[in-house]
Every structure is written in C-alpha cells, then in structure tokens.
Amino acid sequence: MTSALFIVSEDGYWGEECIEPLTTLTDAGVDVTVATPTGGAPVVDERSIDPDEVGEELAERVVEVHENDERLQDPEPIAQVDAREYDAVVFPGGHGTAWDVNQDRHARQALLQAVAGDGSKALVVCHAVGILGFTREADGSFLVEGREVTGFPNEWEEGIVDENDLMPDGRKLPYWVEDEVKAAGGVWDAELDSDTSVTVDGDLITARGPGSSAAAAQTLLDEL
C-alpha cells in the first residue's frame with residue numbers, strides 16, 4: 001500500500017495546503033501518517049479558515065477535517081518516524097513553518113531521505129519551501145542547489161507583512177522564502193502569470209501556494 005508522511009506545523013499551517021493533499025491522497029487509497037515537531041496537534045492558521053479570506057465552503061471544509069481527522073488530532077513526533085518507510089513526504093505550508101518545521105533538523109532529514117530514496121517523493125508547499133534554504137546534503141551542499149522550484153513569492157509576502165516584517169498577528173517573520181531558496185542556489189520561478197504553479201525536479205515537487213494545492217496533490221499522485 002502506498003504511504004505518505006505529512007509533516008505539519010504546530011505554529012500555523014494553511015488549511016487548504018494541508019487538507020487538500022491529505023484528503024486527495026486518502027481518497028486515492030494512500031495510507032497517511034501525520035507528524036509534527038513535538039507530537040502536539042498542529043494548529044491551523046486562523047486566516048485560512050476565515051470565510052472572508054477563503055470563502056465559506058472552503059473554510060467549513062477545512063475546519064471539519066481539522067477538528068475531526070484523528071491523524072491531525074493525534075500526530076507522531078517527527079523524531080519518532082522514519083521517512084524511509086514512506087513513499088512520499090508532504091510538507092504543507094503556512095507561515096507557521098518558518099518557526100518550526102523549516103527549522104527542525106528531523107524535518108530536514110526527512111526531506112533529504114525522501115528525495116534521495118529509491119522512488120520516494122517529497123512535496124513541499126508554499127512557505128514550507130523555505131526548508132530548502134536550510135537543508136544541506138552530507139557534503140555540506142544545499143539540497144536545492146541547481147534545482148528548479150516554486151514557492152511563496154516575495155511579491156505576495158509584501159502584501160502581508162508591514163515595513164518591519166510584522167505579520168497581521170504581530171509576529172515578526174524571520175525570513176522570506178524566495179530570498180532563502182535563491183541564496184541556497186535554487187532556480188526560482190513562482191510563475192506569477194499562471195493560476196497555479198507546481199514544479200517537478202526529480203523526486204522534489206514544489207507548489208506555490210493555496211491555489212496550487214489541488215494541482216500539487218494530483219501531481220504527487222501522478223509521480224507516485
């Protein structure tokens with residue numbers, strides 16, 4: 001049976017970017033395990049379940065799955081799972097990843113193992129793409145160096161944070177995804193002229209943001 005490991009933020013995941021791939025893979029018969037940095041239940045970004053922000057139908061759907069899916073309510077600690085046992089590792093986005101998942105050594109190791117595995121894949125979405133700016137191979141080189149990727153662009157970030165990089169909730173964003181990925185050698189193209197943006201480079205799949213979540217999930221299934 002095909003299996004996937006979801007590594008989800010406890011500091012705020014974006015609803016659609018987790019729920020869309022989670023339900024799509026589950027409906028396709030994929031066995032999904034959810035992990036978080038500490039094993040605590042992941043937290044959904046309140047803006048991603050605000051009907052005024054995402055629409056009433058999507059907001060209700062995300063809340064329904066978030067509150068009732070046992071995998072999200074009782075996740076595993078990242079340190080206690082072995083990414084090599086899964087066919088895919090999925091990193092949903094959300095600003096929260098900047099504070100926990102992207103900075104977690106076990107999450108980075110899981111990403112490395114997924115990309116280096118025999119036929120396994122990694123799907124990294126939106127702000128979680130920032131993990132590529134901090135993930136190095138054993139020889140010290142960046143995993144993303146020379147790879148084509150998409151992710152949450154600076155142009156969009158400018159419309160969210162203020163001049164001090166403060167988020168609407170008052171937290172200071174520690175870095176911008178596009179800047180870090182480019183600095184690590186990634187070949188960046190967020191395809192801002194396209195409705196969706198999903199990029200496949202070998203066993204690494206990246207997606208730009210919420211509107212690309214469905215396409216990203218289908219791309220992962222196709223690659224698997």
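The values are calculated or read from the model by the stated rules, or taken from the named source; none is laboratory data. For clarity, every value in this text was computed on a predicted model and none was experimentally measured. Please note: Cβ atoms are built from the backbone with ideal geometry, for glycine as well, and neighbour counts cover all protein chains shown. For accessibility, only protein heavy atoms count, side chains too; no ligands or nucleic acids. Shrake-Rupley method; radii C 1.70, N 1.55, O 1.52, S 1.80 Å.
Sort through ASP31, ASP74, ASP11 and tell me the only one that's under 16 Å from ASP104 (Cα atoms) and out of contact with any Leu (no Cβ under 8 Å at 6 or more places or on another chain).
Exactly one of ASP31, ASP74, ASP11 is under 16 Å from ASP104 (Cα atoms) and out of contact with any Leu (no Cβ under 8 Å at 6 or more places or on another chain), namely ASP11.
Per-residue answers, yes or no, for (1) of a type in the set (A, V, I, L, M); (2) crowded, with 16+ Cβ neighbours inside 10 Å:
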| position | (1), (2) |
| --- | --- |
| GLU16 | no, yes |
| ASP45 | no, yes |
| GLU56 | no, no |
| LEU72 | yes, yes |
(request) All but one of (1) assigned to a helix (DSSP H, G or I); (2) in contact (Cβ under 8 Å) with a residue 24 or more places away in the chain; (3) within 26 Å of SER194 (Cα to Cα); (4) open to solvent by 20 Å² or more (accessible area, probe 1.4 Å) hold for GLU145, so report the exception by its number. (result) (1)
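Tell me which residues, restricted to region 200-214, are among the hydrophobic types (A, V, I, L, M, F, W, C) and open to solvent by 40 Å² or more (accessible area, probe 1.4 Å). Can you show your working first?
At the first step, the residues of region 200-214 found to be among the hydrophobic types (A, V, I, L, M, F, W, C) are 200, 204-205, 207, 214.
Hits for region 200-214 are VAL200, ALA214.
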(message) For region 161-178, give me each residue that is aliphatic (A, V, I, L, M) and in contact (Cβ under 8 Å) with a residue 40 or more places away in the chain.
(response) MET167, LEU173, VAL177
(message) crowded, with 24+ Cβ neighbours inside 10 Å, touching a Lys or Arg at 6+ places or on another chain (Cβ under 6 Å) and within 23 Å of SER212 (Cα to Cα): is that true of THR97 in this structure?
(response) no
(message) Tell me the residue from THR38, THR24 that is surrounded by fewer than 19 Cβ atoms within 10 Å (Cβ to Cβ) and in contact with a Leu (Cβ under 8 Å, 6 or more places away or on another chain), please.
(response) THR24
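Just checking, how many residues over region 67-96 are among the hydrophobic types (A, V, I, L, M, F, W, C) and farther than 30 Å from VAL161 by Cα? Write out each step before concluding.
If we filter region 67-96 for residues that are among the hydrophobic types (A, V, I, L, M, F, W, C), which is where we start, we get 72, 78-79, 81, 83, 88-91.
Now restrict to residues that are farther than 30 Å from VAL161 by Cα: 79, 81, 83, 88.
Of the residues in region 67-96, 4 are among the hydrophobic types (A, V, I, L, M, F, W, C) and farther than 30 Å from VAL161 by Cα.
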(message) Being buried (at least 16 other Cβ atoms within 10 Å of the Cβ) and aliphatic (A, V, I, L, M) is the filter here; which residues of region 174-199 pass it?
(response) VAL177, VAL181, ALA184, ALA190, VAL198
